[in-house]
1. May I ask you to list the residues in region 245-277 that are within 16 Å of ligand 2 (Cβ to nearest atom), assigned to a loop (DSSP other than H, G, I, E, B) and in contact with a strand residue (DSSP E or B) (Cβ under 8 Å, 6 or more places away or on another chain)?
2. Being within 22 Å of residue 235 (Cβ to Cβ) and away from ligand 2 (no atom under 12 Å from the Cβ) is the filter; apply it to region 156-181 and report the residue that is nearest to the chain's Cα centre (by Cα).
3. Could you please give the count of residues in region 65-101 that are assigned to a loop (DSSP other than H, G, I, E, B), surrounded by 15 or more Cβ atoms within 10 Å (Cβ to Cβ) and modelled with pLDDT under 95?
4. Restricting attention to region 205-222, does a residue exist that is out of contact with any helix residue (DSSP H, G or I) (no Cβ under 9 Å at 6 or more places or on another chain), more than 24 Å from residue 147 (Cα to Cα) and in a loop (DSSP other than H, G, I, E, B)?
5. Can you name the residue in region 226-243 that is within 16 Å of ligand 2 (Cβ to nearest atom) and in contact (Cβ under 8 Å) with a residue 12 or more places away in the chain and, of all such residues, is surrounded by the fewest Cβ atoms within 10 Å (Cβ to Cβ)?
6. Suppose we filter 228, 268 for residues that are within 16 Å of ligand 1 (Cβ to nearest atom) and at positive phi; which single one remains?
7. Output yes when any residue across region 4-11 is surrounded by 14 or more Cβ atoms within 10 Å (Cβ to Cβ), within 16 Å of ligand 1 (Cβ to nearest atom) and assigned to a strand (DSSP E or B), and no when none is.
8. Condition first: at pLDDT 95 or above, more than 15 Å from residue 271 (Cβ to Cβ) and more than 16 Å from ligand 1 (Cβ to nearest atom). Now tell me which residues in region 137-157 satisfy that.
Ligand code: CP
Ligand code: NVA
(Lines give C-alpha, C1' and ligand atoms only; values in the text may rest on other atoms or scores of the structure.)
(Ligands and ions follow the chains in the order given, each with its own letter.)
Protein backbone atom coordinates (compact mmCIF):
# COMPACT_ATOMS: atom_id res chain seq x y z
CA UNK A 1 0.00 0.00 0.00
CA UNK A 2 2.95 2.33 0.52
CA UNK A 3 2.81 5.26 -1.92
CA UNK A 4 -0.33 3.95 -3.60
CA UNK A 5 -3.75 5.52 -4.20
CA UNK A 6 -6.89 4.17 -2.57
CA UNK A 7 -9.67 5.07 -5.00
CA UNK A 8 -11.60 1.81 -4.78
CA UNK A 9 -11.68 -1.22 -2.49
CA UNK A 10 -10.54 -3.02 -5.65
CA UNK A 11 -7.13 -1.36 -5.12
CA UNK A 12 -6.66 -3.70 -2.12
CA UNK A 13 -6.40 -7.43 -1.60
CA UNK A 14 -8.18 -9.37 1.14
CA UNK A 15 -4.79 -9.61 2.84
CA UNK A 16 -4.37 -5.80 2.73
CA UNK A 17 -7.78 -5.37 4.35
CA UNK A 18 -6.97 -7.82 7.14
CA UNK A 19 -3.62 -6.08 7.71
CA UNK A 20 -5.33 -2.68 8.00
CA UNK A 21 -7.82 -4.08 10.52
CA UNK A 22 -5.06 -5.60 12.59
CA UNK A 23 -2.97 -2.41 12.57
CA UNK A 24 -6.03 -0.29 13.34
CA UNK A 25 -6.69 -2.44 16.42
CA UNK A 26 -3.08 -1.88 17.59
CA UNK A 27 -3.20 1.86 16.85
CA UNK A 28 -6.59 2.19 18.59
CA UNK A 29 -5.03 0.76 21.76
CA UNK A 30 -2.11 3.20 21.57
CA UNK A 31 -3.94 6.46 20.78
CA UNK A 32 -1.36 9.15 20.02
CA UNK A 33 1.79 8.03 18.16
CA UNK A 34 4.62 9.82 16.37
CA UNK A 35 4.33 7.88 13.11
CA UNK A 36 3.72 10.74 10.69
CA UNK A 37 5.83 13.64 11.91
CA UNK A 38 6.36 16.30 9.22
CA UNK A 39 3.67 14.72 7.06
CA UNK A 40 0.87 16.84 5.67
CA UNK A 41 -2.56 15.74 4.41
CA UNK A 42 -4.77 17.91 2.20
CA UNK A 43 -8.53 17.30 2.30
CA UNK A 44 -10.23 18.61 -0.83
CA UNK A 45 -14.01 18.23 -0.63
CA UNK A 46 -16.78 18.95 -3.16
CA UNK A 47 -19.50 17.83 -0.72
CA UNK A 48 -20.21 18.37 2.99
CA UNK A 49 -18.78 16.05 5.65
CA UNK A 50 -18.65 15.58 9.41
CA UNK A 51 -17.08 12.16 10.04
CA UNK A 52 -14.65 11.96 7.13
CA UNK A 53 -13.24 15.43 7.55
CA UNK A 54 -12.91 15.34 11.33
CA UNK A 55 -11.60 11.78 11.56
CA UNK A 56 -8.90 12.45 8.94
CA UNK A 57 -7.86 15.73 10.57
CA UNK A 58 -7.71 14.18 14.05
CA UNK A 59 -5.92 11.11 12.66
CA UNK A 60 -3.11 13.25 11.27
CA UNK A 61 -2.79 15.24 14.50
CA UNK A 62 -2.73 12.12 16.67
CA UNK A 63 0.01 10.61 14.49
CA UNK A 64 2.19 13.73 14.74
CA UNK A 65 1.35 15.19 11.33
CA UNK A 66 -0.99 17.93 10.19
CA UNK A 67 -3.71 18.61 7.63
CA UNK A 68 -5.32 21.38 5.63
CA UNK A 69 -9.01 21.37 4.65
CA UNK A 70 -10.28 22.90 1.40
CA UNK A 71 -14.06 23.34 1.45
CA UNK A 72 -16.44 22.87 -1.49
CA UNK A 73 -16.71 26.66 -1.89
CA UNK A 74 -12.92 27.12 -1.98
CA UNK A 75 -12.13 24.28 -4.34
CA UNK A 76 -13.93 25.05 -7.57
CA UNK A 77 -12.51 21.79 -8.94
CA UNK A 78 -12.83 21.88 -12.70
CA UNK A 79 -14.45 25.33 -12.53
CA UNK A 80 -11.96 27.88 -11.13
CA UNK A 81 -9.08 25.62 -12.14
CA UNK A 82 -8.84 22.37 -14.08
CA UNK A 83 -8.71 19.06 -12.17
CA UNK A 84 -5.20 18.18 -13.52
CA UNK A 85 -3.83 21.60 -12.53
CA UNK A 86 -5.27 21.46 -9.00
CA UNK A 87 -3.82 17.97 -8.53
CA UNK A 88 -0.38 19.00 -9.77
CA UNK A 89 -0.27 22.12 -7.61
CA UNK A 90 -1.63 20.55 -4.42
CA UNK A 91 0.72 17.60 -4.59
CA UNK A 92 3.71 20.00 -4.54
CA UNK A 93 2.67 21.07 -1.01
CA UNK A 94 1.48 17.93 0.77
CA UNK A 95 2.36 14.25 1.19
CA UNK A 96 -1.11 12.74 0.71
CA UNK A 97 -4.52 13.97 -0.47
CA UNK A 98 -8.02 12.83 0.55
CA UNK A 99 -10.59 13.91 -2.01
CA UNK A 100 -14.41 13.86 -1.88
CA UNK A 101 -15.88 14.30 -5.35
CA UNK A 102 -19.18 13.98 -7.13
CA UNK A 103 -17.65 12.19 -10.10
CA UNK A 104 -15.45 9.13 -9.62
CA UNK A 105 -14.03 9.81 -13.07
CA UNK A 106 -12.78 13.21 -11.87
CA UNK A 107 -11.22 11.52 -8.85
CA UNK A 108 -9.35 9.12 -11.17
CA UNK A 109 -8.20 12.04 -13.31
CA UNK A 110 -7.09 13.90 -10.19
CA UNK A 111 -5.12 10.87 -8.95
CA UNK A 112 -3.47 10.33 -12.31
CA UNK A 113 -2.05 13.87 -12.18
CA UNK A 114 -1.17 13.89 -8.48
CA UNK A 115 2.44 13.21 -7.56
CA UNK A 116 1.35 12.00 -4.10
CA UNK A 117 -1.09 9.25 -3.07
CA UNK A 118 -4.80 10.07 -3.31
CA UNK A 119 -7.44 8.57 -1.00
CA UNK A 120 -11.10 8.45 -2.03
CA UNK A 121 -12.99 10.28 0.72
CA UNK A 122 -16.30 9.38 -1.05
CA UNK A 123 -17.25 9.57 -4.70
CA UNK A 124 -20.45 8.70 -6.53
CA UNK A 125 -19.05 5.20 -7.02
CA UNK A 126 -17.36 4.25 -3.75
CA UNK A 127 -16.64 5.05 -0.13
CA UNK A 128 -13.68 2.76 0.64
CA UNK A 129 -12.68 4.35 3.97
CA UNK A 130 -16.20 3.71 5.24
CA UNK A 131 -16.15 0.04 4.20
CA UNK A 132 -12.72 -0.58 5.76
CA UNK A 133 -13.79 1.06 9.02
CA UNK A 134 -17.01 -0.97 8.97
CA UNK A 135 -15.07 -4.21 8.64
CA UNK A 136 -13.04 -3.16 11.69
CA UNK A 137 -16.31 -2.65 13.59
CA UNK A 138 -17.64 -6.02 12.45
CA UNK A 139 -14.37 -7.70 13.41
CA UNK A 140 -14.54 -6.17 16.90
CA UNK A 141 -18.22 -7.01 17.45
CA UNK A 142 -18.16 -10.52 16.00
CA UNK A 143 -14.59 -11.60 16.75
CA UNK A 144 -13.73 -12.15 13.07
CA UNK A 145 -15.09 -11.84 9.56
CA UNK A 146 -15.12 -15.34 8.07
CA UNK A 147 -18.48 -16.74 7.09
CA UNK A 148 -20.55 -13.84 8.44
CA UNK A 149 -23.51 -12.60 6.40
CA UNK A 150 -24.14 -8.91 5.73
CA UNK A 151 -27.63 -7.96 4.55
CA UNK A 152 -27.57 -4.51 2.94
CA UNK A 153 -31.08 -3.06 2.65
CA UNK A 154 -31.64 -0.09 0.35
CA UNK A 155 -29.86 1.77 -2.39
CA UNK A 156 -27.03 0.06 -4.31
CA UNK A 157 -24.93 3.18 -3.89
CA UNK A 158 -21.30 4.15 -3.20
CA UNK A 159 -21.41 2.69 0.34
CA UNK A 160 -22.98 -0.56 -0.92
CA UNK A 161 -20.38 -0.89 -3.71
CA UNK A 162 -17.40 -0.57 -1.37
CA UNK A 163 -18.92 -2.82 1.29
CA UNK A 164 -19.78 -5.52 -1.27
CA UNK A 165 -16.23 -5.50 -2.65
CA UNK A 166 -14.70 -5.56 0.84
CA UNK A 167 -16.98 -8.42 1.92
CA UNK A 168 -16.28 -10.48 -1.18
CA UNK A 169 -12.50 -10.01 -0.78
CA UNK A 170 -12.58 -11.16 2.84
CA UNK A 171 -14.94 -14.14 2.58
CA UNK A 172 -18.07 -12.52 4.01
CA UNK A 173 -21.43 -13.28 2.44
CA UNK A 174 -23.13 -10.19 1.05
CA UNK A 175 -26.82 -9.92 0.23
CA UNK A 176 -28.36 -6.72 -1.03
CA UNK A 177 -32.10 -6.04 -1.23
CA UNK A 178 -33.04 -3.03 -3.37
CA UNK A 179 -36.04 -1.93 -5.40
CA UNK A 180 -35.90 -2.73 -9.11
CA UNK A 181 -33.45 -0.39 -10.86
CA UNK A 182 -31.64 0.61 -7.65
CA UNK A 183 -29.28 -2.30 -7.09
CA UNK A 184 -25.51 -2.18 -7.39
CA UNK A 185 -23.94 -1.58 -10.81
CA UNK A 186 -23.31 -4.71 -12.88
CA UNK A 187 -19.62 -3.84 -13.20
CA UNK A 188 -19.18 -3.89 -9.42
CA UNK A 189 -21.31 -7.02 -9.00
CA UNK A 190 -19.19 -8.90 -11.53
CA UNK A 191 -16.01 -7.87 -9.74
CA UNK A 192 -17.42 -8.99 -6.39
CA UNK A 193 -18.53 -12.31 -7.88
CA UNK A 194 -15.05 -12.78 -9.23
CA UNK A 195 -13.48 -12.14 -5.80
CA UNK A 196 -16.05 -14.44 -4.22
CA UNK A 197 -14.82 -17.36 -6.36
CA UNK A 198 -11.51 -17.12 -4.47
CA UNK A 199 -12.75 -16.14 -1.02
CA UNK A 200 -15.78 -18.45 -0.85
CA UNK A 201 -18.19 -15.56 -0.19
CA UNK A 202 -21.77 -15.79 -1.41
CA UNK A 203 -23.12 -12.69 -3.20
CA UNK A 204 -26.86 -12.22 -3.66
CA UNK A 205 -28.81 -9.33 -5.23
CA UNK A 206 -32.57 -9.43 -4.72
CA UNK A 207 -35.67 -7.26 -4.46
CA UNK A 208 -36.94 -9.44 -1.57
CA UNK A 209 -35.96 -7.66 1.59
CA UNK A 210 -37.10 -10.40 4.00
CA UNK A 211 -35.14 -13.07 2.11
CA UNK A 212 -32.01 -10.93 2.30
CA UNK A 213 -32.26 -10.27 6.01
CA UNK A 214 -33.28 -13.78 7.18
CA UNK A 215 -30.58 -15.18 9.50
CA UNK A 216 -28.13 -12.33 8.78
CA UNK A 217 -25.37 -11.37 11.22
CA UNK A 218 -25.31 -7.74 10.11
CA UNK A 219 -28.09 -5.52 8.77
CA UNK A 220 -26.70 -2.50 6.98
CA UNK A 221 -28.55 0.44 5.52
CA UNK A 222 -27.76 3.90 4.15
CA UNK A 223 -29.75 6.94 3.06
CA UNK A 224 -32.14 6.47 0.15
CA UNK A 225 -31.03 9.81 -1.33
CA UNK A 226 -27.29 10.38 -1.48
CA UNK A 227 -25.57 13.76 -1.71
CA UNK A 228 -26.19 15.18 -5.17
CA UNK A 229 -29.51 13.30 -5.68
CA UNK A 230 -31.65 15.74 -3.66
CA UNK A 231 -34.00 16.41 -6.62
CA UNK A 232 -35.02 12.71 -6.51
CA UNK A 233 -35.71 12.64 -2.76
CA UNK A 234 -39.51 12.47 -2.86
CA UNK A 235 -39.61 9.86 -5.63
CA UNK A 236 -37.02 7.79 -3.76
CA UNK A 237 -39.00 8.00 -0.49
CA UNK A 238 -41.91 6.35 -2.30
CA UNK A 239 -39.83 3.77 -4.15
CA UNK A 240 -37.94 2.67 -1.04
CA UNK A 241 -40.89 2.83 1.40
CA UNK A 242 -40.96 -0.96 1.97
CA UNK A 243 -37.18 -1.11 2.47
CA UNK A 244 -37.08 0.52 5.90
CA UNK A 245 -34.97 -1.30 8.51
CA UNK A 246 -37.53 -1.56 11.31
CA UNK A 247 -38.21 -3.82 14.29
CA UNK A 248 -40.09 -6.38 12.16
CA UNK A 249 -37.17 -6.70 9.76
CA UNK A 250 -34.63 -6.86 12.59
CA UNK A 251 -36.56 -9.76 14.14
CA UNK A 252 -35.79 -11.86 11.03
CA UNK A 253 -32.02 -11.56 11.46
CA UNK A 254 -29.98 -13.47 14.04
CA UNK A 255 -30.83 -12.51 17.61
CA UNK A 256 -27.40 -10.95 18.13
CA UNK A 257 -27.38 -9.23 14.72
CA UNK A 258 -25.83 -5.78 14.63
CA UNK A 259 -27.37 -2.85 12.77
CA UNK A 260 -25.02 -0.60 10.83
CA UNK A 261 -25.35 2.76 9.05
CA UNK A 262 -22.51 5.03 7.84
CA UNK A 263 -24.39 8.19 9.01
CA UNK A 264 -25.72 10.77 8.50
CA UNK A 265 -29.06 8.95 8.99
CA UNK A 266 -32.56 10.11 8.17
CA UNK A 267 -34.22 8.93 11.36
CA UNK A 268 -37.53 7.18 10.67
CA UNK A 269 -36.87 6.98 6.94
CA UNK A 270 -34.38 4.24 5.94
CA UNK A 271 -34.11 3.14 9.57
CA UNK A 272 -36.76 3.22 12.31
CA UNK A 273 -35.86 5.31 15.34
CA UNK A 274 -36.32 2.32 17.65
CA UNK A 275 -33.81 0.26 15.65
CA UNK A 276 -31.25 3.05 15.39
CA UNK A 277 -31.42 3.50 19.17
CA UNK A 278 -31.63 -0.25 19.98
CA UNK A 279 -28.83 -2.24 21.65
CA UNK A 280 -28.25 -3.92 18.25
CA UNK A 281 -27.20 -0.61 16.72
CA UNK A 282 -23.44 0.03 16.46
CA UNK A 283 -23.58 3.19 14.38
CA UNK A 284 -21.53 5.37 16.73
CA UNK A 285 -18.84 2.70 17.08
CA UNK A 286 -18.70 2.74 13.28
CA UNK A 287 -18.26 6.51 13.30
CA UNK A 288 -15.45 6.25 15.89
CA UNK A 289 -13.67 3.53 13.95
CA UNK A 290 -13.28 5.87 10.97
CA UNK A 291 -10.55 7.53 13.04
CA UNK A 292 -8.68 4.36 13.98
CA UNK A 293 -8.85 2.68 10.59
CA UNK A 294 -7.79 5.84 8.74
CA UNK A 295 -4.82 6.22 11.08
CA UNK A 296 -3.72 2.73 10.04
CA UNK A 297 -4.38 3.56 6.39
CA UNK A 298 -2.39 6.82 6.48
CA UNK A 299 0.49 5.08 8.26
CA UNK A 300 0.54 2.32 5.65
CA UNK A 301 0.33 4.68 2.67
CA UNK A 302 2.86 7.16 4.02
CA UNK A 303 5.24 4.90 5.85
CA UNK A 304 4.68 1.33 4.91
CA UNK A 305 5.31 -1.68 7.04
CA UNK A 306 8.65 -0.50 8.38
CA UNK A 307 6.78 1.82 10.75
CA UNK A 308 6.87 0.32 14.19
CA UNK A 309 4.33 1.09 16.85
CA UNK A 310 7.19 1.43 19.30
CA UNK A 311 8.95 4.09 17.22
CA UNK A 312 7.32 6.98 19.10
N1 CP B 1 -20.08 8.49 6.83
C2 CP B 1 -19.52 9.61 6.34
O3 CP B 1 -18.70 9.58 5.42
O4 CP B 1 -19.93 10.75 6.94
P5 CP B 1 -19.58 12.24 6.44
O6 CP B 1 -20.31 12.45 5.14
O7 CP B 1 -20.09 13.13 7.54
O8 CP B 1 -18.10 12.36 6.25
N1 NVA C 1 -24.50 7.35 0.26
C2 NVA C 1 -24.27 8.54 1.06
C3 NVA C 1 -23.16 8.28 2.04
C4 NVA C 1 -22.83 9.43 2.93
C5 NVA C 1 -21.70 9.11 3.88
C6 NVA C 1 -23.95 9.71 0.15
O7 NVA C 1 -23.20 9.55 -0.81
O8 NVA C 1 -24.46 10.81 0.40
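1. As a first pass, look at region 245-277 and keep what is within 16 Å of ligand 2 (Cβ to nearest atom): 245, 260-267, 269-271, 276.
Filter once more, keeping what is assigned to a loop (DSSP other than H, G, I, E, B): 261-266, 269-270.
Correct list: 261, 265, 270.
2. At the first step, the residues of region 156-181 found to be within 22 Å of residue 235 (Cβ to Cβ) are 156-161, 176-181.
Restricting the remaining residues to those that are away from ligand 2 (no atom under 12 Å from the Cβ) gives 176-181.
Numbers: 176: 16, 177: 19, 178: 19, 179: 22, 180: 24, 181: 23 Å.
Top of the filtered list is 176.
3. Restricting attention to region 65-101, the residues satisfying the condition of being assigned to a loop (DSSP other than H, G, I, E, B) are 65, 71, 76, 78-80, 82, 94-95, 101.
Next, from what is left, pick out any that are surrounded by 15 or more Cβ atoms within 10 Å (Cβ to Cβ): 65, 78, 94-95, 101.
Filter once more, keeping what is modelled with pLDDT under 95: 78.
Count: 1.
4. Checked region 205-222: no residue is out of contact with any helix residue (DSSP H, G or I) (no Cβ under 9 Å at 6 or more places or on another chain), more than 24 Å from residue 147 (Cα to Cα) and in a loop (DSSP other than H, G, I, E, B).
5. Initial filter on region 226-243 (within 16 Å of ligand 2 (Cβ to nearest atom)): 226-233, 236-237, 239-240, 243.
In the following step, the residues that additionally are in contact (Cβ under 8 Å) with a residue 12 or more places away in the chain were identified as 226-228, 236-237, 239-240, 243.
Details: 226: 18, 227: 16, 228: 12, 236: 22, 237: 14, 239: 17, 240: 21, 243: 20.
Only one residue tops the list, namely 228.
6. Numbers: 268 fails: within 16 Å of ligand 1 (Cβ to nearest atom).
Of 228, 268, the one residue that is within 16 Å of ligand 1 (Cβ to nearest atom) and at positive phi is 228.
7. Yes, the conditions are met somewhere in region 4-11.
8. 139, 140, 141, 142, 143, 144, 145, 148, 149, 150, 156
The values are calculated or read from the model by the stated rules, or taken from the named source; none is laboratory data. Computed from a predicted model, the values in this text were never measured in an experiment. For neighbour counting, all protein chains shown are included, and Cβ atoms are generated from backbone atoms with ideal geometry for every residue, glycine included.
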